[in-house]
Amino acid sequence: MDDRERFHFAEKVYYYELERKEKLIARLSLPLAILVALLSFFSYMLDKAPATADGGVGVFFWIFYWYACICLAVGVWKFWRAWNLRVFDKALSTLEDIEAYRTQMLKLYAAFDDGVEETDKQMSIFIYNQYITGATTNALNNDRRLEYLNELSTFMAATILFALLSFVPFYVFHHP
């Protein structure tokens with residue numbers, strides 16, 4: 001692989017990781033809707049919840065309800081972590097900064113016969129290094145997002161399971 005191919009490969013990977021980030025962020029909309037629906041369901045049941053003094057029905061309701069609430073809380077935490085990583089993604093420098101670097105290189109190599117060619121070479125190296133740094137950082141961040149998203153899915157499934165299990169004694173209590 002020559003320099004030109006490596007440059008295009010790094011560029012392609014960089015833009016792939018940016019696109020991957022957008023897709024991962026877009027995948028958070030369904031869990032958000034599920035979280036809102038579950039919160040509504042929990043508030044409905046909490047308003048009419050049986051007491052533990054109501055016997056086994058009340059005890060089972062509260063056991064499953066609290067497990068569901070714990071899973072929901074962990075799911076919300078995983079959602080937040082997937083949505084808002086503490087490590088920022090890397091973008092290319094602004095065009096203004098890139099042009100300032102180019103001007104600096106032109107001044108630096110002005111005394112040489114091949115100054116313009118050397119400036120072009122340094123610009124390619126500069127942008128190539130930005131692609132490498134950005135693609136690497138963004139790939140690691142996307143891997144973290146995906147990990148949190150997978151954990152979020154697990155906890156949302158557990159929340160739904162425990163919510164349904166808590167609904168059984170809730171229903172039995174209200175429909176003897």
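Summary of values
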quantity: Contacts under 7 angstrom Cβ, first residue in the range 135-153 being more than 11 Å from V87 (Cα to Cα), partner of a type in the set (F, W, Y) and crowded, with 20+ Cβ neighbours inside 10 Å, 6 or more apart; calculated: A135/Y14; L152/F79
quantity: Unique residue being modelled with pLDDT under 90 and within 30 Å of I34 (Cβ to Cβ) when the list is F170, F112, F155; calculated: F170
quantity: Out of T159, T154, sole residue that is in contact with a Cys (Cβ under 6 Å, 6 or more places away or on another chain), in a helix (DSSP H, G or I) and of a type in the set (S, T, N, Q); calculated: T159
quantity: Where a residue in the range 78-105 is assigned to a loop (DSSP other than H, G, I, E, B) and its partner, wherever it lies, is hydroxyl-bearing (S, T, Y), with Cβ under 7 Å and at least six apart; calculated: D89/T137; K90/T133; K90/T137
quantity: Flag if I132 is in contact (Cβ under 8 Å) with a residue 40 or more places away in the chain and of a type outside the set (K, R); calculated: yes
quantity: Every pair of residues 6+ apart whose Cβ atoms lie under 6 Å, when the first sits in the range 7-26 and is closer than 13 Å to L92 by Cβ while the second is part of a helix (DSSP H, G or I) and among the small types (G, A, S); calculated: Y14/G134; Y14/A135; E17/A135; E17/A139
quantity: Test for A73: is it without any contact (Cβ under 8 Å) to a residue 24 or more places away in the chain, over 29 Å from D3 (Cα atoms) and hydrophobic (A, V, I, L, M, F, W, C); calculated: yes
quantity: The range 90-117, subset over 42 Å from the mean Cα position of the chain (by Cα) and among the small types (G, A, S), residue farthest from R20 (Cα to Cα); calculated: A111
quantity: All positions within the range 16-69 that are of a type in the set (A, V, I, L, M, F, W, C) and in contact with a Gly (Cβ under 6 Å, 6 or more places away or on another chain); calculated: A51
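The values are calculated or read from the model by the stated rules, or taken from the named source; none is laboratory data. Quick caveat, the model's predicted, so the values are computed rather than measured. A quick note on method: Cβ atoms are made from the backbone with ideal geometry, for glycine too, and the neighbour counts reach across all protein chains shown.
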